[in-house]
1. Sort 91, 58, 67, 28 by Cβ crowding within 10 Å, fewest neighbours at the top.
2. Give me the percent relative contact order of segment 7-82, please, defined on Cα pairs under 8 angstrom at least 6 residues apart.
3. Quick one: length gained pulling residue 50 to residue 79 fully straight, 0.36 nm per residue minus the C-alpha distance?
4. If each DSSP helix of 4+ residues adds -39,500 (n - 2.57) and the sum is divided by the residues in the chain, what number results at 222 nm, nearest 500 deg cm²/dmol?
5. Which value results when the Cα radius of gyration for segment 46-97 is divided by 2.2 N^0.38 Å?
6. Stokes-Einstein at 37 °C, 0.692 mPa s, Kirkwood radius from Cα pairs: D for segment 10-108 in µm² s⁻¹?
7. Please report 96, 31, 9 as a ranked list, fewest other C-beta atoms within 10 angstrom at the top and most at the bottom.
8. How do 49, 88, 17, 54 line up, fewest other C-beta atoms within 10 Å first?
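Laboratory data are not the source of any read-out in this text; all were calculated from the coordinates shown. Keep in mind that what you see is a predicted model, and the values were worked out from it rather than measured. So basically every Cβ, Gly included, is an ideal-geometry build from the backbone, and we count neighbours across all protein chains shown.
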């Protein structure tokens with residue numbers, strides 16, 4: 001298999017709160033299943049709409065402040081009636097947060113930083 005991804009992905013389970021850009025209502029709790037410099041894979045109980053722009057607040061274990069980003073939903077997949085996976089591509093994240101997120105993903109990986 002020839003993976004043409006721009007960034008390497010890390011298996012990591014981090015807490016995420018998200019909502020549509022421009023709103024503060026309907027905050028959805030999710031968890032990451034993988035993280036890269038370009039975006040995150042999340043699973044949550046709510047189906048996310050492809051193309052939606054979301055504000056993310058990612059909370060790595062031990063972090064004093066959450067990592068903030070804006071991302072677009074690239075794909076979604078139903079896992080069950082109550083669980084959905086989605087791929088989110090970062091649209092806006094500052095470089096310090098991008099590096100902090102990848103470092104947090106690496107250090108919190110259940111597979112000791114296993115690169116996917």
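1. Fewest-to-most ranking of 91, 58, 67, 28: 91, 28, 67, 58.
2. 28 percent.
3. Between residue 50 and residue 79, full extension yields an extra 8.9 nm.
4. Helix-only estimate at 222 nm: -4000 deg cm²/dmol.
5. 1.28
6. For the chosen part, D equals 249 µm²/s.
7. 96, 31, 9
8. Least to most surrounded, the residues fall as 49, 17, 54, 88.
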